[in-house]
Amino acid sequence: MNFYVLTLFPEMIRQCLSASITGRALEKGILQLDTVDIRDFSENKHNRVDDYPYGGGAGMVMAPGPVVRACRSIQGKIEIESQKVPRVIYLTPQGKVFDQTMAEELSKEENLIFLCGHYEGIDERALEMVVTDNVSIGDYVLTGGELPSMVMMDAISRLVPGVLNNETSAEFETFQDNLLEYPQYTRPEEFEGKKVPEVLLSGHHARIEDWRREQSLKRTRENRPDMLEKAALTEKDKKFLHT
Ligand code: SAM
């Protein structure tokens, strides 16, 4: 999986993704990360990439030229190498809200280009010219698209085969089957008087599975009843919810 990030702050992206699990996947070559500094595509003698908004108003707007040139430089390279037109994702609070289903869909792409805005955003004409997907990471406004792009790359990366050491650790997780994951415990068996639930020490796999399912269902009902409405519940699940 190859990630390309168009940004005014490439160092933010590199520093974050080169740690931990994504860092190891980059070292192994399972993931590739290419950051492109939009400023390098400015034709202004002071390397300016923003300007005042037409019509007035607060803040600055990223000019179309550097954004379109930066994006085309990468698109061209990918098209030559893979013969495919890559998707260009603009991080914006106005986009479709990112979720696990979208992460799964995007993890099947070979190349993804992320376009990070800053200030008041990017000139609309540039967006019309290069963007294929508008994606938000939630209903709040951040200062730039860098953190949202990293959130997306992290979630997508862990679905790419080989990125997680233990392949099964992405097998049952929160959001799968429209349920939240059951509680997890590790050693010690007792911590400050609080014990690990007895059933998890029993070695009885069927009982453990039932307990986990019940916890998932109850937790989802409590924290995310909206998800539970979409979950495909068996008769046994319904019984768990009524006990
Ligand atoms: N003026 C824009 C608006 O009202 O829609 C907000 C611009 S925001 C201050 C600057 C940049 O941060 C955006 O261009 C976008 O790239 C990024 N951004 C902010 N909030 C975001 C969110 N919730 N999801 C994805 N990107 C976001």
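Just so you know, all these numbers are worked out from the coordinates, no wet-lab data involved. Since the model is a prediction, treat every value here as computed from it, not as a measurement. Neighbour counts run over all protein chains shown; Cβ positions are idealised from the backbone, glycine included.
Which residue fluctuates most in the GNM of the chain (Cα springs below 10 Å): Ser202, Ser82, Ser20?
Comparing Ser202, Ser82, Ser20 in the GNM, the peak value goes to Ser202.
What's the center-to-center distance, using Cα atoms, between the stretch 86-121 and the stretch 51-65 in Å?
Rounded to whole Å, the Cα centres lie 23 Å apart.
May I ask you to sort Met12, Met60 by Cβ crowding, counting other Cβ atoms within 10 Å and putting the fewest first?
Listing Met12, Met60 from fewest to most nearby Cβ atoms yields Met60, Met12.
Relative to the compact globular guide of 2.2 N^0.38 Å, what is the alpha carbon radius of gyration of the stretch 79-188, as a ratio?
1.25
Hey, what's the per residue convex hull volume over the C-alpha atoms of the stretch 2-157, in cubic angstrom?
Roughly 116 Å³ of hull volume per residue.
For a quick check of your reading of the filter: which trypsin sites (Lys or Arg not before Pro) in the stretch 94-145 sit in a DSSP loop and have no more than 15 other Cβ atoms within 10 Å?
The qualifying sites are Lys108.
I need His204, His242, His118 ordered by Cβ neighbour count within 10 Å, fewest first.
His242, His204, His118
Only helical DSSP H runs with n ≥ 4 go in: add -39500 (n - 2.57) per run for the chain, normalise by residue count and round the 222 nm mean residue ellipticity to 500 deg cm²/dmol.
One gets -11500 deg cm²/dmol as the mean residue ellipticity at 222 nm.
Please report, in whole Å, how far the alpha carbons of the stretch 129-243 spread along each principal axis, starting with the longest.
Cα spread of the stretch 129-243 along its principal axes, largest to smallest: 59, 33, 30 Å.
Run the reach check for Lys238 against lysines, Cα to Cα strictly under 25 Å, same-chain hits fewer than 8 apart removed. What comes back?
Hits, sequence-local ones excluded: Lys218, Lys230.
How large is log10 of I(q)/I(0) for the stretch 127-185 at q = 0.15, 0.21 Å⁻¹ when the intensity is taken from the Debye formula with one equal scatterer per alpha-carbon?
-0.69, -1.03
Given 37 °C and 0.692 mPa s, how large is the Stokes-Einstein diffusion coefficient of the stretch 1-83 in µm²/s, with Rh as the Kirkwood radius over Cα pairs?
Roughly 225 µm²/s, to the nearest whole number.
Would you list Tyr182, Tyr52, Tyr90 from fewest to most Cβ contacts within 10 Å?
With the fewest neighbours first, Tyr182, Tyr52, Tyr90 line up as Tyr52, Tyr182, Tyr90.
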